[in-house]
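Read the structure below first, then the notes.
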Amino acid sequence: MIRYSGIGVSPGVAQGPVFRIRRTVVSAPVAASPRQVFAALDAVADDLERRAAAATMDVAREVLEAQSMIARDPALVEAIGARLTDDVEYPDVRESIREAFAGFRAALEALGGYFAERVQDLDEIADRTIDHLAGIEHHATRLTQPSVIVADDLTPADTAALDLDHALALVVAKGGPTSHTAIVARGLGIPAVVGCTGVDGVEDGVLLLVDGREGVALVEATEAERTSRSAREDALRARAAAVTGPGRLADGTPVTLLANAGKVEAVVAAAAAGAEGIGLFRTELLFLERQTEPTVDEQVAMYQAVFAAMAGRRVVVRTIDAGSDKPVPFIPAEAEENPALGVRGWRLNRIDNDVVNRQLQALAIAATSSAADVWVMAPMIATADEARDFAGRARALGIRHVGVMVETPAAALMADKVLGEVDFGSLGTNDLTQYVMAADRLDARLADLTTSWHPAVLRAIQTSARHAQALARPLGVCGEAAADPKLAAVLVGLGVSSLSMSPPALAEVRGFLAQIDRATCVRAAEVAVNAGSEVEAKLAVSDILGE
Ligand code: PEP
Ligand code: MG
């Protein structure tokens, strides 16, 4: 049995014959006039629009629409025009087309993270323009039987051209956790593994077993392997479905289960998934697509809609976490050597106080007229002074519950001082992990380092939890770690009182916690913190939790 390991981005177990998607690269010169190049770009944009209109999944449609807009961008046409200046047929236009895209490519790459992953979209538009000129057509791929799709990477147009009704699982050699493959697979609810090096070498038709929870693809797996993985998956899902209501341990200890959201629609979905509230509302997502800052009135309306969807429940709103991989168009950004360590989150106040002040004003107004229990917190706090500054400004406007994200090692180590300034804390384990481990959270190559299972990260959490308990401040977790049931048990054992996660993860965490008691969580936390590595921590915890 050959085993390929990657990052599991959509849980589930599926087995089927491999169907490989291969990309053709035009290797012969492509002669064309500038007019023909522009017409080809237009045709590609038309095609993307058609695919967007036909797309059955919202995420695929959004990505295709975004791509077609890029293909119609006048700046791109201008860049091509600057390279093909004469109205003649050029013997080979491939290089000119790629060069025209290069500036945009470099700009996205420099932004890093999510944006760097979108470079793929640009490459695809360039490739398709060249293909069009070379007369290569892209037909929809019909799968003749249920298959496991394997590729080097999947672009949105690849995915849109696939008949996904027959896709059992997606496995790609490249791609990170925020790649299209991950987004599409989660939308379809099929298992997916990304960053699975070498898997694109597996031949068509070979039987591949995919476990999207563990992040592995197994060639020629035994029947016993398949049934045990499927049984475990089924058991997890059945247990999840069986428990409803507020989060509780087996001994009745409450663990508040909240949802992360960034749009009103997600808040509605969270309510439907039984979330006891919103533990992290990422406001920057409301701003990312805006060329100008929404006015206070506009913001009030946005927040009111969020609060209305969670009437009677807690909504923890985070002030704008712009910068790094989340550049907001109306906030001027300087080039930074290390954006993740730069002016992001609360540090925005160093260059502009007004954006946050207006946001706090809008939040205070919306909270007054709402039936939700509104809590407001600031991201990327590193010092007690920053926490005091935030708390002072928010309280002066009448915001009643003020808190901070604990996501820098400084805030975690100094939680006695930092949390002393506010009413609550929320551990952002995504950033805390990347900063404790000094490993970019979006770099798939460092996935083994960017796990919150690492005892170094757990020790930072333990320190903050002890300080929070001594100060009697509620401390929750709103990073991805909260969505891993076993890790959730460890976090509870370390002393956190609420867990906030993406809505689909709620049922499973609720079901898992319902069958263990507090003493077991504390024992799991102890062994995890004292383990020598993340692998040891996981094994030791699994021993205690019996899975
Ligand atoms: C985190 O860092 O864990 C977090 C929840 O915030 P974000 O993922 O938005 O940075
Ligand atoms: Mg964060």
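Can you tell me which lysines have their Cα less than 25 Å from the Cα of LYS263? Leave out same-chain residues fewer than eight positions away. The qualifying lysines are LYS326. I'd like the antiparallel share, as a percent to the nearest 5, of DSSP beta bridges with both residues in the range 253-545. Expressed as a percentage, antiparallel bridges in the range 253-545 total about 5. Farthest towards the positive end of the charge dipole of the chain, among the residues ALA364, LEU122, PHE104, is the Cα of ALA364, using unit charges on the Cβ of Lys, Arg, Asp and Glu. Checking every one of the GluC sites (Glu not before Pro) in the range 198-238 against DSSP loop status and a limit of 14 other Cβ atoms within 10 Å picks out GLU203, GLU220. Note on ALA396 and ILE136: the model spin-label points, each 7 Å out from Cα along the C-beta direction, lie 6.1 nm apart. Taken along the Cα-to-beta-carbon direction at a fixed 7 Å, the label points for ARG466 and ALA54 span 6.2 nm.
How much accessible area does TYR435 have with a 1.4 Å probe, in Å² rounded to the nearest 10? Counting only protein heavy atoms, the figure is 40 Å². Toward the positive end of the charge dipole of the range 253-545, with +1 on the Cβ of Lys and Arg and -1 on the Cβ of Asp and Glu, the farthest Cα among LEU348, THR429, PRO332 is that of THR429. Averaged over residues, the count of other Cβ atoms within 10 Å places the peptides 491-500, 414-423 in the sequence 491-500, 414-423, highest first. Set the Förster distance to 35 Å, then compute FRET efficiency between ASP385 and GLU78 from the Cβ-Cβ distance, nearest 0.05. Between ASP385 and GLU78 the formula returns 0.15.
Arrange the peptides 187-196, 242-251 so that the one whose residues have, on average, the most other Cβ atoms within 10 Å appears first. Please report the intermediate quantities before stating the final value.
Numbers: 187-196: 23.8, 242-251: 14.4.
By packing density, highest mean first, the sequence is 187-196, 242-251.
Rounded to the nearest 10 square angstrom, ASP73 shows an accessible area of 60 square angstrom against a 1.4 Å probe.
Over all other residues within a Cβ to Cβ distance under 12 Å of THR450, the charged ones net out to -4, with Lys and Arg as +1 and Asp and Glu as -1.
Quick check for me: using +1 on Lys/Arg Cβ and -1 on Asp/Glu Cβ, what's the dipole size of the range 34-133 about its Cα centre, in debye to the nearest 20? Intermediate values should be presented prior to the final figure.
Numbers: 11 positive and 22 negative charges, 22 e Å.
Charge dipole, the range 34-133, about its Cα centre: 100 debye, nearest 20.
Tell me the relative contact order for the range 317-394 as a rounded percent, counting alpha carbon contacts under 8 Å between residues six or more apart. Computed value for the range 317-394: 40 percent relative contact order.
For the chain, a simple Cβ point-charge model (Lys and Arg +1, Asp and Glu -1, everything else neutral) yields a dipole of about 1980 debye relative to the Cα centre. Kindly identify the chain as rounded, prolate or oblate by the Cα gyration tensor criterion: order the square roots of the eigenvalues as a ≥ b ≥ c, call it rounded if a/c is under 1.5, otherwise compare a/b with b/c, prolate if a/b is larger, else oblate. Because a/c hits 1.5 or more and a/b fails to exceed b/c, the chain counts as oblate. Only helical runs count toward this figure. For the chain, summing -39,500 (n - 2.57) over DSSP H runs of n ≥ 4 and dividing by all residues gives -14000 deg cm²/dmol at 222 nm. In a Debye calculation with equal point scatterers on the alpha-carbon sites of the range 34-133 and no solvent, what is log10 I(q)/I(0) at q = 0.10, 0.14, 0.19, 0.20 Å⁻¹? One equal scatterer on each Cα of the range 34-133 leads to -0.27, -0.52, -0.91, -0.99. If both residues of a DSSP beta bridge must be in the chain, then about 30% of such bridges are antiparallel.
Farthest toward the positive end of the dipole of the range 495-547, out of SER497, ALA519, VAL535, is the Cα of SER497, where the dipole comes from beta carbon charges about the Cα centre. Here each label is just a point 7 Å from Cα along the line to Cβ, and for LEU446 and ARG248 those points are 4.3 nm apart.
The values are calculated or read from the model by the stated rules, or taken from the named source; none is laboratory data. In this text the structure is predicted, and so the values were computed from the model without any measurement. Every residue, glycine among them, receives a Cβ derived from its backbone with ideal geometry; neighbour counts consider all protein chains shown. Accessible surface areas use protein heavy atoms only, side chains included; no ligands, DNA or RNA. Shrake-Rupley method; radii C 1.70, N 1.55, O 1.52, S 1.80 Å.
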